[in-house]
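Everything on this sheet refers to the single structure shown next.
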Amino acid sequence: MVSPKVRGKPVALDGDRAVAEAIRQMSPDVVAAYPITPQTEIVMRFSEFVANGEVDTEFIPVESEHAAMSACIGASAAGGRAQTATAGAGLAFMWEVLWVASGTRLPIVMHVVNRSLSAPLNIHCDHSDSMGARDAGWIQLYDETVQEAYDNAIQALRIAEHPDVMLPTLHAMDGFILGHGLERLELLPDDAVREFVGVYKPEHSLLDVDHPVTYGPMELTDYFFEHKRQQAAAMERALEIIPQIGEEYGMLTGRYYGLMEGYRLEDAEFATVALGSTAGTIKTVVDELRDQGVKAGLLKLRCFRPFPATTVAEALGDKKAIAVLDRSLSFGAQCGPLFLEVITALFTHGFSPKVLNYAYGLGGRDIVPAQIHQVYKDLIDIDREGLAGPSLRYLGLRE
Amino acid sequence: MTLKTWREILAGGLITDAGNTEEYETGSWRSHRSIIDMDKCTHCMICWVYCPDGSIMVSDGKVIGIDLAHCKGCGICVHECPRKAISRVEEALAKEGVQ
Amino acid sequence: MSDLVEIRWHGRGGQGAVTASELLAEAALHEGKYFQAFPDYGPERMGAPIRAYTRISSSPIKQHHQVIEPDAVVVLDPTLLGIVDFTEGLDDGGLLLVNTPLSPTELRRELDFNKGKVYTVDATRVALDTMKRNITNTPMIGALLRALEVVSKDVVREEIKNRFNTRVSKEVAKANVEAFDRAYREVREG
């Protein structure tokens, strides 16, 4: 590992403000966004930057999230860099146009601050919103810390715009826990970010009048399927590109990123799989268990879409028992969406360890170390005695 | 026409060849054909303005006929012609040469 | 060995408990430490009981959950007594600091609480005398640092001065520093 090229400046910021700084440093041509708790501070802070002349972005205060994404689509098709931010119901309201963005292959960047979906009305964190958009053709990264929220925000742009990818990209940070949680992070110098993101030169654009182009035509039974296959291929290529950009970002900052992070995973017998800020809490439990002689480990997934099946299967294949933690429910399904992916990856790669799925943390329900200790205890039990009872369990729920 | 594979087409469904509607012959959609009576026509160009498919053929400032490869037979020209110089007949009859 | 310190703040919406949690964290930044500061959001109404948390450590902090076993609990508002259970999770290693005219002995009797250390200070009076407003966060930070110097008192003092100088005015900054110093002197242990 070489020493980083630039020294960041340690600051105290919450996740929302850290992301607002990242957007300012990336200086997109257009930001179209509608405020919604717990994302509001991103929009609030960024519109201050615009009003103060600290960034020359065209800020469009739209009337809804549907309009926000639509404006981003227009701006991106016109050849500009477009970004937005949203949460919960806001993301759900964008649903229809998310598919237009990905189907048109527009490298829009979205900052999602995870919030549950109503009803009952709830403003707190779970992953129902971004999981609801998991089939919409967007690359999805998840942040563990405020530092990662900042770092992923910047890398998302490079991933989205890579010529082999050209897919809209979102990164998701846990609402309130990271969004409103003040943490220490290192901000890069403005010019380092500017250099890292470079200048966007789209191959096609609506404003290139010398090379006129039609965006968003109708395709029926003749070509629609072929274009969907192309999106799937772009996702496959993103599996190669995301770690390359993570490596380049690491050379710059000293913070390297891949598709996943193994924490004391290599020689672990019992592993959990999780997304987002909960991964940090699990790390503290893994440390405690290791001190007690339990071979515990964690697979923190950074990239959920595309799902790095081979990487995950190879990292988990030799484990005795695995628990997958889902911060969302897929009603009527056999399991949560993360579990579904992990199990499919294991099965198709010829592995069949014992597995458990936990739904946890819905509507912001706090997840504490004692509950994670229970998960590892359950894993040790099923390894010894086989699976008894349902494979989908509820963690931190009053029974 | 042989359709291309997913590896051969431009991403995102973009169309980069401007004016390519000419390649798409919509004349087969037509159930009625417009016929211009050249004796009545004053070449006022009202039909040319209104035609949604650009199917009124013009040469040297004069209307010379209808582009049957693209005319969908909507009948707007018939309705708009101030001299009632355009009439409308069933396509099947027009094909048999009945006027 | 981790030197993690976990603090839980109790106050009412608008009294500055969240600001207090952040102010301490920002001071920790100047000492090169790691920190988290986060509130327990609910209905964000003026006057509603709220909780906020600060974690400070010399090494990176991994966990992302509410503070369950606090090293220190700081209560900004005396009227929360009997409404909120602020001794929850406190054991012999912890300390409780309450804004109240009561002495630590009287408070222990009132709460029927015999563990750890108890500190009291009449921060409401300090705030009214110095700032002419019942905002008790800066005096309570002063009192806390006397009981547990989790970050250097001088660094926090500077942080308060700078924060209110830039965001409000020199007069407000001066009054806040005065309240901070006075509560630091007047806090009682028992």
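Brief remarks follow.
- Of all residue pairs spaced 6 or more apart or on separate chains, those with beta-carbon atoms under 8 Å, a first member in region A:387-399 that is touching a residue at least 40 places away in the same chain (Cβ under 8 Å) and hydroxyl-bearing (Ser, Thr, Tyr) and a second member that is assigned to a loop (DSSP other than H, G, I, E, B) and open to solvent by less than 90 Å² (accessible area, probe 1.4 Å) are A:Ser391/A:Cys335.
- For region A:20-34, a residue qualifies if it is polar (S, T, N, Q) and touching a Cys at 6+ places or on another chain (Cβ under 8 Å), but none of them does.
- Residues considered: B:Lys62, B:Lys40, B:Lys95, B:Lys84. Of these, the only one that is on the phi > 0 side of the Ramachandran plot and of a type in the set (Lys, Arg) is B:Lys84.
- Number of residues in region B:40-78 that are touching a residue at least 24 places away in the same chain (Cβ under 8 Å), open to solvent by 50 Å² or more (accessible area, probe 1.4 Å) and part of a loop (DSSP other than H, G, I, E, B): the value is 7.
- Residues in region A:11-24 that are away from chain C (no Cβ under 14 Å) and open to solvent by 10 Å² or more (accessible area, probe 1.4 Å): A:Glu21, A:Arg24.
- A single entry from A:Asp174, A:Asp164, A:Asp190 fulfils the requirement of being at pLDDT 95 or above, of a type outside the set (Ser, Thr, Tyr) and touching a Lys or Arg at 6+ places or on another chain (Cβ under 6 Å): A:Asp164.
- Flag for B:Ile9 being more than 14 Å from chain A (Cβ to nearest Cβ) and of a type in the set (A, V, I, L, M): no
- Picking from residues in region A:25-68 that are under 22 Å from A:Val199 (Cβ atoms) and of a type in the set (Phe, Trp, Tyr), the one that is surrounded by the most Cβ atoms within 10 Å (Cβ to Cβ) is A:Phe46.
- Any hit, region A:103-126, residues being open to solvent by 10 Å² or more (accessible area, probe 1.4 Å), in the same structural domain as A:His180 (by TED's automatic domain parsing) and of a type in the set (Asp, Glu): no
- Residue ID - farthest from the chain's Cα centre (by Cα), chosen from residues in region A:225-242 that are more than 8 Å from every other protein chain (Cβ to nearest Cβ) and open to solvent by less than 20 Å² (accessible area, probe 1.4 Å): A:Ile241
- The set of residues from region C:85-106 being touching a residue at least 60 places away in the same chain (Cβ under 8 Å), closer than 23 Å to C:Arg185 by Cα and surrounded by 22 or more Cβ atoms within 10 Å (Cβ to Cβ) comprises just one member, C:Leu97.
- Selected residue [out of contact with any Gly (no Cβ under 8 Å at 6 or more places or on another chain), within 24 Å of A:Gly250 (Cβ to Cβ) and either crowded, with 24+ Cβ neighbours inside 10 Å or modelled with pLDDT under 95 (or both)] from A:Ala156, A:Ala149: A:Ala156
- Sole exception among (1) open to solvent by 100 Å² or more (accessible area, probe 1.4 Å); (2) aliphatic (A, V, I, L, M); (3) over 30 Å from A:Gly216 (Cβ atoms) for B:Met1, by number: (3)
- Qualifying residue in region B:79-94 (condition: under 14 Å from the mean Cα position of the chain (by Cα), over 20 Å from B:Tyr24 (Cβ atoms) and not in a helix (DSSP H, G or I)): yes
- Selection status of B:Ala85, of a type outside the set (D, E, K, R), at pLDDT below 95 and open to solvent by less than 80 Å² (accessible area, probe 1.4 Å): no
- Screening A:Val197 on (1) of a type in the set (Val, Ile, Thr); (2) within 14 Å of chain B (Cβ to nearest Cβ); (3) within 25 Å of A:Met44 (Cβ to Cβ) shows it passes everything except condition (2).
- Among the residues of region A:255-279, those identified as open to solvent by 50 Å² or more (accessible area, probe 1.4 Å) and away from every other protein chain (no Cβ under 14 Å) are A:Tyr256, A:Glu266, A:Asp267, A:Glu269.
- Listing of strands (runs of 3 or more DSSP E) fully contained in region C:1-116 that carry 1 or more residues being within 14 Å of chain A (Cβ to nearest Cβ) and over 12 Å from the mean Cα position of the chain (by Cα): C:34-40, C:49-57
- Of the candidates A:Gly216, A:Gly179, A:Gly250, the single residue that is open to solvent by less than 20 Å² (accessible area, probe 1.4 Å) and within 14 Å of another protein chain (Cβ to nearest Cβ) is A:Gly179.
The values are calculated or read from the model by the stated rules, or taken from the named source; none is laboratory data. All values reported here derive from a predicted model rather than from experimental measurement. Reconstructed Cβ throughout: ideal geometry from the backbone, glycine too, with neighbour counts over all protein chains shown. Remember, those area values only see protein heavy atoms, side chains included, never the ligands or the DNA or RNA. Shrake-Rupley method; radii C 1.70, N 1.55, O 1.52, S 1.80 Å.
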